[in-house]
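Working notes, structure below.
The values are calculated or read from the model by the stated rules, or taken from the named source; none is laboratory data. Note that this is a predicted model, so its numbers are computed, not measured. Quick reminder, even Gly has a Cβ in these numbers, built from the backbone with ideal geometry, and neighbours come from all protein chains shown.
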Amino acid sequence: MRKRQKLVFSAVFLALWLVGVQSVNLELRYPLIGVAGIIAYLLGVWSLREGLSGIEWLTVVLPSVFFTLAVGLFYILLPQAWWARGLIALLFGIGQYALLLTANIFSVAAIRTIALFRAASAVGFVMTLVTGFLLFDTILSFRLAFPLVGLLVCLASFGLLLPALWSVELLPKLNRRVLSYAVCISLAMGVLAMSVCFWPIGITVSSLFLSTALYVMLGIAQHYFQDRLFNKTVWEYVTVGAAVTITMLATAGWGV
């Protein structure tokens, strides 16, 4: 089987798995979503194993695993309407295929320069934000105690940030800079997640705020890693973050 056929098979199989999970009892769905994450890793390794080496066995495949978990958990929260579930399954299949293609480009770009690297980086960045939004929305939907919300958002953010920051330079090992930035941004995300637990805003708005924070901090960090962090770039990211924050605060129900 050719590599592209493997990528298509992996995306379709996982989409069908998530659809099938919805037909079992609720208490079994969460364990099966965890199994889907394991399957996503195994299928990713199976599809890309020829080009994987060193830390790539983790960083290249991890985004597709987190995307599978994010969509699977979010899937459970959807209404029972067949069209909604069908649409999400279709979008998941497309997104998973795009992530696997991106992973393939990264594994090749780690060896030699290819023209598609910049496009793959853009797709990876967008998919990181989409995955983050779905994970944050799911975590906040459980309405857990705020320390636990902060911890889960911190862990989820770290899993997203590690491959996203590594993909800038595609080094054979994780260096201290990648790890330190991933940890620091993850901690900041955890603190922000705990703070929104006390704000009179809805779950979707809170998730959008956290996704915007991830967009700002990850975007600035990636530009810094590329030695392309200029004042104009910083202001562009900060402006977006400030606009979303002001809008969120203005529309919050502060009891006035």
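Would you be able to tell me the number of residues in region 188-203 that are under 24 Å from VAL60 (Cα atoms) and either exposed (fewer than 15 other Cβ atoms within 10 Å of the Cβ) or out of contact with any Cys (no Cβ under 7 Å at 6 or more places or on another chain) (or both)?
0
Would you check which residues across region 1-57 are crowded, with 18+ Cβ neighbours inside 10 Å and either of a type in the set (Asp, Glu) or in contact with a His (Cβ under 8 Å, 6 or more places away or on another chain) (or both) and list them?
The one that is crowded, with 18+ Cβ neighbours inside 10 Å and either of a type in the set (Asp, Glu) or in contact with a His (Cβ under 8 Å, 6 or more places away or on another chain) (or both): GLU56.
Please specify each residue of region 53-76 satisfying the condition of being touching a Ser or Thr at 6+ places or on another chain (Cβ under 6 Å) and among the aliphatic types (A, V, I, L, M).
Residues satisfying the conditions are VAL60, ALA70, LEU73.
With region 81-197 as the region, which helices (runs of 4 or more DSSP H) entirely inside it contain at least 2 residues that are in the same structural domain as PHE209 (by TED's automatic domain parsing) and in contact (Cβ under 8 Å) with a residue 24 or more places away in the chain?
Of the helices (runs of 4 or more DSSP H) lying wholly inside region 81-197, those with at least 2 residues that are in the same structural domain as PHE209 (by TED's automatic domain parsing) and in contact (Cβ under 8 Å) with a residue 24 or more places away in the chain span 117-141, 146-169, 176-196.
Quick one: would you say LEU174 is farther than 24 Å from ALA36 by Cα, in contact with a Ser or Thr (Cβ under 9 Å, 6 or more places away or on another chain) and not polar (S, T, N, Q)?
Answer is yes for this residue.
Might you let me know whether region 224-231 holds any residue that is farther than 23 Å from PHE117 by Cα and of a type outside the set (D, E, K, R)?
Yes: one or more hits.
Quick one: PHE209 ticks every box in (1) buried (at least 22 other Cβ atoms within 10 Å of the Cβ); (2) among the aromatic types (Phe, Trp, Tyr); (3) over 16 Å from the mean Cα position of the chain (by Cα) except a single one, so which number is it?
Evaluating PHE209 over (1) buried (at least 22 other Cβ atoms within 10 Å of the Cβ); (2) among the aromatic types (Phe, Trp, Tyr); (3) over 16 Å from the mean Cα position of the chain (by Cα) leaves (3) as the failure.
Assess whether LEU179 counts as being within 18 Å of the chain's Cα centre (by Cα) and under 20 Å from ALA70 (Cβ atoms).
The answer is no for LEU179.
Yes or no, residue by residue, for (1) at pLDDT 95 or above; (2) closer than 17 Å to MET217 by Cα; (3) surrounded by fewer than 16 Cβ atoms within 10 Å (Cβ to Cβ):
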{"site": "ILE114", "(1), (2), (3)": "no, no, yes"}
{"site": "ALA120", "(1), (2), (3)": "no, no, no"}
{"site": "GLY124", "(1), (2), (3)": "no, yes, no"}
{"site": "LEU144", "(1), (2), (3)": "no, no, yes"}
{"site": "LEU155", "(1), (2), (3)": "yes, yes, yes"}
{"site": "LEU170", "(1), (2), (3)": "no, no, no"}
{"site": "LEU174", "(1), (2), (3)": "no, no, no"}
{"site": "SER186", "(1), (2), (3)": "yes, yes, no"}
